Amino acid sequence: MNFFYIIGTVVFTVYGQLILKWRISDYGTLPVPFVNKVIFLIKLVADPFILSGFLSAFIASLFWMGAMTKFDLSFAYPFMSASFVLVFLFSILLFNEPFSFYKVLGLFFIVLGIVITSRA
């Protein structure tokens, strides 16, 4: 049951990242003039899906606080690498983002480094 908190953190973190990417992509790029930037950002913040992304980040934080009551940070934090992997995979599947051997290799080394660090 203790791992429920870590899993909740990862799930809500991944959801937040994906939902933000999806909705922000629909709005286009950030305009150059300052006033237009402010208007653009207000429109983003008013989007209900973007708000759900912010809410998911808050919920992920609550799960993380629960995890911190059950595990040492040095044990729990490496599990966050699952977020890297899931966001990478879903960004390819949902957004048709490009991937390459080097991106996969880099992700592999990140995860490997976290695994090695968590064992030390």
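Taken together, the values in this text are just the output of simple stated rules run on the coordinates, not laboratory data. Quantities reported herein were computed from a predicted structural model and do not represent experimental measurements. FYI the Cβ positions are ideal-geometry reconstructions off the backbone, even for glycines, and counts take in every protein chain you see.
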With Cα atoms, 0 to 90° folded angle of helix 34-46 axis to the chain main axis: 60 degrees
Ascending count of other beta-carbon atoms within 10 Å, so fewest first, for D47, D72: D72, D47
Simple label model, 7 Å out from Cα along Cβ direction - T117 to V85, nm: 1.6 nm
Segment 89-120 versus segment 10-67: alpha-carbon centroid distance in Å: 23 Å
Eligible lysines near K37 by straight Cα distance, threshold 24 Å, same-chain separation 8 or greater: K21
Pairwise FRET efficiency - I110 versus L30, Cβ, R0 = 35 Å, nearest 0.05: 0.80
Whole-Hz couplings from phi, Karplus 6.51/-1.76/1.60, listed for segment 107-118; x for Gly and Pro: 5, 4, 5, 4, 5, 4, x, 5, 4, 5, 4, 6
Qualifying chymotrypsin sites (Phe, Trp or Tyr not before Pro) in segment 26-117, DSSP loop, other Cβ atoms within 10 Å at most 13: F99
Rough spin-label spacing in nm, given labels placed 7 Å along Cα→Cβ, for F71 and L94: 2.3 nm
Between helix 81-95 and the chain: long-axis angle, C-alpha atoms, 0 to 90°, nearest 10: 40 degrees
